[in-house]
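The values are calculated or read from the model by the stated rules, or taken from the named source; none is laboratory data. What you see is a predicted model; the values in this text were computed from it and never measured. Note that we place each Cβ from the backbone using ideal geometry, even for glycine, and neighbour counts take in every protein chain shown.
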Amino acid sequence: MMEEPVSTGHNAAIDVQKLFRGLKRVPHNLIEALRRVQSYYGYLPPEGIKQAAEYVDVPFSQAYSVATFYHQYSLEPVGKYRIYVCMGTACHLRGNNLNYEYIRMLLGLKENQKTTDDGMFSLEVSRCYGCCGLAPVVVIEKPDGSRMIIGNANMAKIKAAINKCRRMG
């Protein structure tokens, strides 16, 4: 049985009416409610999942299941730039696991650490992007939501892309 969320110190008294303005209070709007919560907090803390669940009238356990099923949601803070390393079949076979380890080393991430200490970058494994002809593929999601796709990714291309992000701030 899923336990109720424990507060992580966020101000749970956000203006729910403002956050969910224009969104009907029906269960099929759960994904959009979670998207808005993540947009507000930068990730999905337990109290944010609870707010979304209560707003659209679904159990917390259902909202948590949706939040953990979809790759677009994060239950922990993410960096300003999110780096996704594809581990689909073509990318895996072409050595993207080595690119993942290189990026982890380049960013100074410890084992099981997802986000850099300065909050600038997050590193995640992702599924296929459907551009297998460019394998291996690394994608960097920028703060504005646009994406930089690095095809035929190698250490030089990855380092150049990360340095470009650092310069942009």
(message) Taking the criterion of being surrounded by fewer than 13 Cβ atoms within 10 Å (Cβ to Cβ), more than 19 Å from residue 80 (Cβ to Cβ), modelled with pLDDT under 95 and not aliphatic (A, V, I, L, M), would at least one residue in the stretch 135-149 satisfy it?
(response) no
(request) Assess whether residue 70 counts as being within 28 Å of residue 27 (Cβ to Cβ) and at pLDDT below 95. (result) yes
(request) Using the structure shown, decide if residue 88 is more than 16 Å from the chain's Cα centre (by Cα) and farther than 19 Å from residue 155 by Cβ. (result) yes
